[in-house]
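Undergrad: Questions regarding the structure given below will be posed in turn.
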Amino acid sequence: MTACVYLRYGSEVLVLDAGSGFARLLTEPELLEGVERLSVVLTHFHLDHTNGLVALPGLSRVPVREVWAPGLLVAGMPAAELVRRLLGPPFLAGTVDDVETKMATRIHELIGDVQIGSFSLRTRLQPHHVGPTVALRVDDELAYCTDTAYDEANVAFARGVRVLLHEAFHAADKTDHPAHSAAGEAARIARAAAVERLVLVHLNPLLEDEEELLRFATVVFPASEVGRDGPLT
């Protein structure tokens with residue numbers, strides 16, 4: 001599964017990134033039982049974070065289906081234009097207009113901190129990737145820092161949250177990779193930010209043993225775990 005984080009409060013669902021796991025909203029309809037508002041927030045537009053949006057046409061039972069995307073921040077183009085490119089003809093929708101009628105009911109430009117229903121969302125531009133990406137923080141519950149090389153500025157951003165989801169593409173203490181972090185680096189961010197738990201995400205799909213990540217992370221921050229597909233309690 002590629003990047004996708006599901007949070008729910010009452011009749012509202014907030015999804016951070018729409019990777020392949022987004023399809024579970026189709027295959028497990030109970031995840032949207034009683035939901036009136038589905039808000040999808042993208043960190044950037046790479047396909048492993050957006051390919052799940054193709055499931056949107058099957059979610060029409062949810063009255064409000066909105067996409068928040070940092071088009072201007074990370075690509076210098078309006079979010080609506082980029083989402084229409086992803087979902088419009090000839091790739092999926094029959095017409096461009098179908099994107100905001102049959103798929104998403106609205107596309108919003110993510111340009112900074114925002115209140116999305118009951119969720120207070122803070123944002124931070126991360127400059128250390130092949131292109132900029134956006135770190136996300138939901139209240140004091142969760143911070144999500146993916147697709148970034150080691151970035152000490154994320155310490156202040158994530159400080160005090162209950163759970164930090166941080167990318168760990170490399171099973172190492174450190175890496176000089178310009179676009180991705182090592183497990184040990186994610187752990188140092190977690191320790192300095194005084195979070196309760198660290199969940200390692202955005203892993204290398206070619207990694208043979210994910211426990212190698214924990215070998216480098218837990219020595220720095222013992223409350224580390226590898227992200228799995230399924231509930232995070």
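The values are calculated or read from the model by the stated rules, or taken from the named source; none is laboratory data. This structure is a prediction, so every number in the text was calculated from the model and none was measured. Backbone-built Cβ (ideal geometry, glycine too); neighbour counts: all protein chains shown.
Undergrad: Would a scan of the stretch 31-48 turn up a residue that is at pLDDT 95 or above, touching a Lys or Arg at 6+ places or on another chain (Cβ under 6 Å), assigned by TED's automatic domain parsing to the domain that holds residue 102 and within 24 Å of residue 228 (Cβ to Cβ)? First the steps, then the outcome.
TA: Within the stretch 31-48, the subset at pLDDT 95 or above is 31-48.
Remaining after also requiring touching a Lys or Arg at 6+ places or on another chain (Cβ under 6 Å): 38.
With the extra rule that they be assigned by TED's automatic domain parsing to the domain that holds residue 102, the set shrinks to 38.
The next check asks that each one be within 24 Å of residue 228 (Cβ to Cβ); those that pass are 38.
Looking through the stretch 31-48, at least one residue is at pLDDT 95 or above, touching a Lys or Arg at 6+ places or on another chain (Cβ under 6 Å), assigned by TED's automatic domain parsing to the domain that holds residue 102 and within 24 Å of residue 228 (Cβ to Cβ).
Undergrad: Only one of 193, 171, 187, 104 is buried (at least 20 other Cβ atoms within 10 Å of the Cβ), touching a Leu at 6+ places or on another chain (Cβ under 9 Å) and within 25 Å of residue 76 (Cβ to Cβ). Can you tell me which?
TA: Exactly one of 193, 171, 187, 104 is buried (at least 20 other Cβ atoms within 10 Å of the Cβ), touching a Leu at 6+ places or on another chain (Cβ under 9 Å) and within 25 Å of residue 76 (Cβ to Cβ), namely 104.
Undergrad: Across the stretch 117-155, what is the total count of residues that are within 14 Å of the chain's Cα centre (by Cα), over 19 Å from residue 14 (Cβ atoms) and of a type in the set (Ser, Thr, Tyr)?
TA: Qualifying residue count, the stretch 117-155: 1.
Undergrad: Right, something else. Look through 13, 35, 5, 67 and report the one residue that is out of contact with any Gly (no Cβ under 8 Å at 6 or more places or on another chain) and closer than 21 Å to residue 93 by Cα.
TA: Being out of contact with any Gly (no Cβ under 8 Å at 6 or more places or on another chain) and closer than 21 Å to residue 93 by Cα holds for just one of 13, 35, 5, 67, which is 67.
Undergrad: Right, another one. Answer with yes or no whether residue 200 is part of a strand (DSSP E or B), touching a Leu at 6+ places or on another chain (Cβ under 6 Å) and farther than 21 Å from residue 139 by Cβ.
TA: In short, yes.
Undergrad: Continuing with this model, one more query. For the stretch 130-145, enumerate the residues that are touching a Leu at 6+ places or on another chain (Cβ under 7 Å) and either more than 18 Å from residue 41 (Cα to Cα) or part of a loop (DSSP other than H, G, I, E, B) (or both).
TA: 132
Undergrad: So how many residues does the stretch 156-182 have that are within 18 Å of the chain's Cα centre (by Cα) and part of a helix (DSSP H, G or I)?
TA: So the answer is 2.
Undergrad: Given the structure, is residue 147 crowded, with 19+ Cβ neighbours inside 10 Å, farther than 13 Å from residue 195 by Cβ and touching an Asp or Glu at 6+ places or on another chain (Cβ under 8 Å)?
TA: yes
Undergrad: To continue, here is another question. Considering each of 90, 132, 127 in turn, give the residue that is on the phi < 0 side of the Ramachandran plot and either surrounded by 14 or more Cβ atoms within 10 Å (Cβ to Cβ) or touching a His at 6+ places or on another chain (Cβ under 8 Å) (or both).
TA: After applying the criteria, what remains is 132.
Undergrad: Tally time: how many residues in the stretch 203-230 are part of a loop (DSSP other than H, G, I, E, B) and of a type in the set (Ser, Thr, Tyr)?
TA: Going through the stretch 203-230 one residue at a time, the tally reaches 1.
Undergrad: Another question, if that's okay. Checking the conditions here, which among 171, 182, 190 is of a type in the set (Gly, Ala, Ser) and in contact with a helix residue (DSSP H, G or I) (Cβ under 6 Å, 6 or more places away or on another chain)?
TA: Sole residue among the options that is of a type in the set (Gly, Ala, Ser) and in contact with a helix residue (DSSP H, G or I) (Cβ under 6 Å, 6 or more places away or on another chain): 171.
Undergrad: To continue, here is another question. Could you list, ordered by first residue, the pairs with Cβ atoms under 7 Å in which the first is in the stretch 1-23 and touching a residue at least 12 places away in the same chain (Cβ under 8 Å) and the second is in a helix (DSSP H, G or I) and among the β-branched types (Val, Ile, Thr), at least 6 apart or interchain?
TA: Going by the 7 Å Cβ cut-off, the qualifying pairs are 18/50.
Undergrad: Report, ordered by the first and then the second residue, all pairs with beta carbons closer than 7 Å, sequence separation of six or more or different chains, a first member in the stretch 145-166 that is touching a residue at least 40 places away in the same chain (Cβ under 8 Å), and a second member that is of a type in the set (D, E, K, R) and surrounded by 21 or more Cβ atoms within 10 Å (Cβ to Cβ).
TA: Matching pairs, first to second residue: 145/167; 146/167; 147/167.
Undergrad: For residues that are among the aliphatic types (A, V, I, L, M) and touching a residue at least 60 places away in the same chain (Cβ under 8 Å), scanning just the stretch 41-66, find the one that is surrounded by the fewest Cβ atoms within 10 Å (Cβ to Cβ).
TA: 41
Undergrad: Right, next: Please enumerate the residues belonging to the stretch 95-140 that are in contact (Cβ under 8 Å) with a residue 24 or more places away in the chain and of a type in the set (Asp, Glu).
TA: Listed by number, the list holds a single entry, 109.
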